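The values are calculated or read from the model by the stated rules, or taken from the named source; none is laboratory data. In this text the structure is predicted, and so the values were computed from the model without any measurement. Cβ coordinates were reconstructed from backbone atoms using ideal geometry, including for glycine residues, and neighbour counts include every protein chain displayed.
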Amino acid sequence: MDKLDLTDDEWRARLTPEQYHVLRQHGTERAFAGHFNLHKGDGHYVCAGCGAALFDSETKYESGSGWPSFWAALSEDVVTIHRDTSHGMIRDEVRCARCDGHLGHVFPDGPNPTGLRFCMNSVALGFEDRDADSSR
């Protein structure tokens, strides 16, 4: 996967202020406020920063956390995991492997088969309908 490396000014021009805050400044949207929390579409969730496909809708589930949750990434190489010690906690931050955008965190309390909960910010995601994918 080709890396996308933009300047801060290029990111600001490309993203909305809320997307910039989450993706580039490691912010978090309010729980239950994101448009993908209850989304039920069939397709792929993509990075809002660079368009890389990240999660399949078949791995999305209702975690009750208030953020879109997935039990697996599309593949191991589409996200990177980084230790996050901010806010007095130790967590595993999830970033887009292509653009290094902050997506959310992953926790070991998800359902089978992985036992993982990728807890993502809606504003860091886009969605591509599976029917639209097949027509390309």
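Here is a yes/no grid of residues against (1) of a type outside the set (S, T, N, Q); (2) exposed (fewer than 13 other Cβ atoms within 10 Å of the Cβ):
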site: SER65; (1), (2): no, no
site: GLY104; (1), (2): yes, no
site: PRO113; (1), (2): yes, yes
site: PHE127; (1), (2): yes, no
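What's the number of the condition ARG91 fails, among (1) among the basic types (Lys, Arg); (2) modelled with pLDDT of 95 or more; (3) within 19 Å of GLY64 (Cβ to Cβ)? Checking ARG91 against (1) among the basic types (Lys, Arg); (2) modelled with pLDDT of 95 or more; (3) within 19 Å of GLY64 (Cβ to Cβ), the one that fails is (2). If you check GLU58 against the conditions, is it closer than 21 Å to LEU116 by Cβ and part of a helix (DSSP H, G or I)? Spelling it out, GLU58 is indeed closer than 21 Å to LEU116 by Cβ and part of a helix (DSSP H, G or I). Taking the listed residues PHE107, PHE118, the one that is modelled with pLDDT of 95 or more, aromatic (Phe, Trp, Tyr) and under 25 Å from PRO17 (Cβ atoms) is PHE118, with no other qualifying. Taken over segment 85-102, the criterion of being crowded, with 16+ Cβ neighbours inside 10 Å and of a type outside the set (Gly, Ala, Ser) is satisfied by ARG91, GLU93, VAL94, ARG95, CYS96, ARG98, CYS99, ASP100, HIS102. Would you say LYS60 is of a type outside the set (Phe, Trp, Tyr) and at pLDDT 95 or above? Criteria met by LYS60.
Taking ASP109, is it farther than 15 Å from PHE36 by Cβ and touching a residue at least 12 places away in the same chain (Cβ under 8 Å)?
no
The condition of being within 12 Å of MET120 (Cβ to Cβ), assigned to a loop (DSSP other than H, G, I, E, B) and among the small types (Gly, Ala, Ser) holds for only one of GLY49, GLY34, GLY41, GLY27, that being GLY34. Residues that are surrounded by fewer than 19 Cβ atoms within 10 Å (Cβ to Cβ) and among the polar types (S, T, N, Q) within segment 8-36 comprise THR16, GLN25, THR28, listed in sequence order.
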